[in-house]
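The values are calculated or read from the model by the stated rules, or taken from the named source; none is laboratory data. These numbers come from a predicted model, not from an experiment. In this analysis, Cβ positions are derived from the backbone assuming ideal geometry, glycine residues included, and neighbour counts consider all displayed protein chains. Protein only, heavy atoms only, side chains kept; ligands, DNA and RNA dropped before computing areas. Shrake-Rupley method; radii C 1.70, N 1.55, O 1.52, S 1.80 Å.
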Amino acid sequence: MSTTTKKRKPDLCEWLCRERVIPLGHRAWIMGILNVTPDSFSDGGTWLDPDQAVAHALEMVAEGADILDVGGESSRPGADPVELATEIERVIPVIRTLRAQSDVFISVDTCKAEVARRAIDAGADIINDISACTMDPAMLDVARDTKAGLVLMHMAGTPRTMQQAPSYDNVITEVASYLQARMDVCRENGVDERQIVLDPGIGFGKTPEHNVQLLAGIPGLLRLGRPLLIGISRKSIIGRITGRPVSERLAGSLAAAAAAIERGAHILRVHDVKETCDAAKVVATIRSVHTPGCDLTARK
Ligand code: 8Y4
């Protein structure tokens with residue numbers, strides 16, 4: 001009878017993003033947040049000037065970002081939807097300029113198929129649709145036709161209504177069922193399963209307890225068979241736990257990132273790229289080590 005501690009099998013998974021295939025699971029990938037909105041309430045800064053937005057993007061690339069998530073519509077609870085033309089005006093010039101200067105993976109944070117199609121034309125690789133293709137079903141056609149990566153996120157309701165009265169019998173199984181159903185719709189519409197990444201949508205129609213359960217429940221969500229993206233950076237759950245305002249949530253966000261990676265999350269969507277990359281490297285190093293003969297429960 002062996003007392004060898006089993007090495008945890010990394011949850012290896014390939015992600016198809018247009019012509020590139022990302023081998024996920026060796027280390028966590030870092031997605032830097034680039035808000036191109038006048039109300040980037042969590043950044044302290046706004047990047048409405050395209051040149052400033054691109055400068056901030058390149059800084060995040062230098063800090064180790066694998067992906068940049070460019071968004072022109074605020075997903076803030078209670079926020080109003082943004083006009084199509086406004087969203088296009090905000091994100092497309094930034095994506096085009098960024099693509100000319102870097103081969104970093106670019107994702108477009110949008111629920112509108114037209115924005116996604118134009119973003120991909122301008123050089124984006126990934127669609128980050130927090131509505132999981134429910135707000136604009138034509139998103140499925142864009143994903144199928146372009147073979148872009150597609151992040152499907154769980155949200156209860158819409159950004160306007162989602163925090164009204166979040167209620168679940170079992171938040172983990174209900175989020176998993178929803179994501180499975182959206183994956184099924186994708187498959188029925190010709191989207192390649194290898195394009196899909198799943199996201200439980202921390203803070204989107206959930207109480208603090210639900211958010212903690214979802215983070216603790218990452219291993220259960222991994223049973224859906226696709227990579228997981230977690231967005232928790234500076235969110236109100238971190239404020240709830242630490243009592244800190246949004247400007248003082250770095251340490252809490254790093255602890256949450258480390259815990260999510262340890263539980264098997266593949267991609268983290270963050271504001272603080274440099275710090276999260278360091279945290280991810282430390283967790284990956286510890287995760288990679290065998291500890292044979294160190295099963296203390298089996299000692300004589
Ligand atoms: C402080 C900081 C307070 C941030 C609130 C927030 C996710 C996402 C957002 C996510 C994916 C946000 C666009 C909300 N969150 N996309 N987008 N996953 N895939 N709020 O968790 O960052 S915006």
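Note down all Cβ pairs under 7 Å where the first residue falls in the range 225-244 and is over 17 Å from G205 (Cα atoms) and of a type in the set (S, T, Y), the second is open to solvent by 10 Å² or more (accessible area, probe 1.4 Å) and more than 9 Å from the ligand (Cβ to nearest atom), and they're at least six residues apart or on different chains.
So the pair list comes out as T242/G252.
Looking at the range 207-232, which of the residues that are open to solvent by less than 10 Å² (accessible area, probe 1.4 Å) and among the β-branched types (V, I, T) is farthest from the chain's Cα centre (by Cα)?
I218
Please find, among G220, G264, G201, G190, the residue that is touching a residue at least 60 places away in the same chain (Cβ under 8 Å), in contact with a helix residue (DSSP H, G or I) (Cβ under 8 Å, 6 or more places away or on another chain) and either away from the ligand (no atom under 15 Å from the Cβ) or of a type in the set (D, E) (or both).
Details: G220 fails: touching a residue at least 60 places away in the same chain (Cβ under 8 Å); G201 fails: either away from the ligand (no atom under 15 Å from the Cβ) or of a type in the set (D, E) (or both); G190 fails: touching a residue at least 60 places away in the same chain (Cβ under 8 Å).
Just a single option satisfies the conditions, and that option is G264.
Taking the range 142-154 on its own, how many of its residues are of a type in the set (D, E) and either assigned to a loop (DSSP other than H, G, I, E, B) or within 16 Å of the ligand (Cβ to nearest atom) (or both)?
Number of matching residues: 0.
Can you pull out every residue in the range 267-297 that is assigned to a helix (DSSP H, G or I) and without any contact (Cβ under 8 Å) to a residue 40 or more places away in the chain? Before you say what the answer is, go through the steps one by one.
Here is the first cut: in the range 267-297, the ones assigned to a helix (DSSP H, G or I) are 273-287, 296-297.
E275, D278, A279, V282, T285, I286, L296, T297 - these are the residues of the range 267-297 that are assigned to a helix (DSSP H, G or I) and without any contact (Cβ under 8 Å) to a residue 40 or more places away in the chain.
Restricting to the range 87-106, count the residues that are surrounded by 15 or more Cβ atoms within 10 Å (Cβ to Cβ) and without any contact (Cβ under 8 Å) to a residue 40 or more places away in the chain. Don't jump to the end; show me each part of the working.
Of all residues in the range 87-106, those surrounded by 15 or more Cβ atoms within 10 Å (Cβ to Cβ) come to 87-88, 90-99, 102, 104-106.
If we keep only those that are without any contact (Cβ under 8 Å) to a residue 40 or more places away in the chain as well, we get 87-88, 92, 95-96, 99, 106.
Residues flagged as surrounded by 15 or more Cβ atoms within 10 Å (Cβ to Cβ) and without any contact (Cβ under 8 Å) to a residue 40 or more places away in the chain within the range 87-106 amount to 7.
Looking for something part of a helix (DSSP H, G or I), in contact with a Leu (Cβ under 6 Å, 6 or more places away or on another chain) and crowded, with 21+ Cβ neighbours inside 10 Å - is there at least one such residue anywhere in the range 188-205?
Step one: of the range 188-205, the residues part of a helix (DSSP H, G or I) are 188, 193-195.
Pick out the ones that are also in contact with a Leu (Cβ under 6 Å, 6 or more places away or on another chain) and you get 194-195.
If we keep only those that are crowded, with 21+ Cβ neighbours inside 10 Å as well, we get 195.
Taking every residue of the range 188-205 in turn, at least one turns out to be part of a helix (DSSP H, G or I), in contact with a Leu (Cβ under 6 Å, 6 or more places away or on another chain) and crowded, with 21+ Cβ neighbours inside 10 Å.
Could you give me the residue pairs with C-beta distances under 9 Å whose first residue belongs to the range 127-144 and is without any contact (Cβ under 8 Å) to a residue 12 or more places away in the chain, whose second residue is within 10 Å of the ligand (Cβ to nearest atom) and of a type in the set (D, E, K, R) wherever it lies, and which are 6+ apart or on separate chains?
Once the first residue is without any contact (Cβ under 8 Å) to a residue 12 or more places away in the chain and sits in the range 127-144, no partner that is within 10 Å of the ligand (Cβ to nearest atom) and of a type in the set (D, E, K, R) comes close enough.
From (1) closer than 18 Å to I130 by Cβ; (2) among the aliphatic types (A, V, I, L, M); (3) in a helix (DSSP H, G or I), pick out the condition that doesn't hold for L254.
Result: L254 fails condition (1) only.
Out of (1) crowded, with 16+ Cβ neighbours inside 10 Å; (2) within 15 Å of the ligand (Cβ to nearest atom), the odd one out for P245 is which?
Failing condition for P245: (1).
For the range 55-65, name all the residues that are surrounded by fewer than 24 Cβ atoms within 10 Å (Cβ to Cβ) and without any contact (Cβ under 8 Å) to a residue 60 or more places away in the chain.
Matches in the range 55-65: A55, H56, L58, E59, V61, A62.
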